[in-house]
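Down below is the structure, laid out as structure tokens.
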Amino acid sequence: SRRLGEILGVEVVHLDALYWRPGWVETPKPEWRRRVEELVRRDSWIIDGNYSGTFDIRFEACDTVIFLDVPRLICLWRVLKRRALYRKGGRPDMAQGCDEKLDLEFLKFLRWVWDYPTRTRSKVLKLMRENSPGEDIFLLRTQADIEGFLKRVRCKAARSPADAPSWGTPRL
């Protein structure tokens, strides 16, 4: 999302940074939905994050959906790498006061990542099909898919920066 935002010159909104309050306190659901509704009223945006409870709001407002559908071992590796990289402080895409910890909640998160392909993936794909019939949907499964997609966007942006990419104002 960060690289896509740089290519397109569009602000990237990390949902983790908005959803979590210091100390890993969740935002109440009604307040969270209102916040996401405000986000999608912007002229253009790239939203990074899962949070299936607001898919309906985001899918209705977007024109493109990018689903990173990478293998679970790669996801686990990236989570562990991120944990090691930011072990002494907060991540730039996370709310203040939500430092990376090695605790029971982190282990539960690892389990959620591991179970995602069998427990959650099909539900997310179903929600995408139901709520984004007119949008471009990209399922990127490998790093090569991701790099190829970014290269195509970069090329389109270089050819016609006023309306790049060719599918219109980016709202992902």
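Overview of results
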{"read-out": "Cα-based helix-to-principal-axis angle, 121-131 vs the chain, degrees rounded to 10", "value": "40 degrees"}
{"read-out": "Mean Cα-pair separation over length for the chain, i.e. relative contact order, pairs under 8 Å, 6 or more apart, %", "value": "34 percent"}
{"read-out": "Accessible area per residue, Å², the chain with all protein chains present, probe 1.4 Å", "value": "61 Å²"}
{"read-out": "Nearest-20 debye value, the chain charge dipole, Cβ charges on Lys, Arg, Asp, Glu", "value": "600 debye"}
{"read-out": "Estimated [θ] at 222 nm from DSSP helical runs (n ≥ 4, -39500 (n - 2.57)) normalised by residues in the chain, nearest 500", "value": "-15500 deg cm²/dmol"}
{"read-out": "Longest site-free stretch - the chain; sites: trypsin sites (Lys or Arg not before Pro), DSSP loop, at most 15 other Cβ within 10 Å", "value": "43-86"}
{"read-out": "Max mean-square fluctuation residue, GNM over the chain, Cα-Cα springs under 10 Å, options Val40, Val70, Val25", "value": "Val25"}
{"read-out": "Helix axis angle, 143-159 relative to the chain longest principal axis, alpha carbon, degrees", "value": "40 degrees"}
{"read-out": "Placed amide H near Phe138: partners under 5 Å, 5+ positions off or other chain", "value": "Val65, Ile66, Phe67"}
{"read-out": "0 to 90° range, to nearest 10: angle between helix 29-39 axis and the chain longest Cα axis", "value": "30 degrees"}
{"read-out": "Carbon and sulfur %, accessible surface of the range 66-123 computed with the full protein complex present, 1.4 Å", "value": "61 percent"}
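The values are calculated or read from the model by the stated rules, or taken from the named source; none is laboratory data. None of these values were measured; they are calculated from a predicted model. Please note: Cβ atoms are built from the backbone with ideal geometry, for glycine as well, and neighbour counts cover all protein chains shown. Heavy atoms of the whole protein, side chains included, go into the accessibility calculation; ligands, DNA and RNA do not. Shrake-Rupley method; radii C 1.70, N 1.55, O 1.52, S 1.80 Å.
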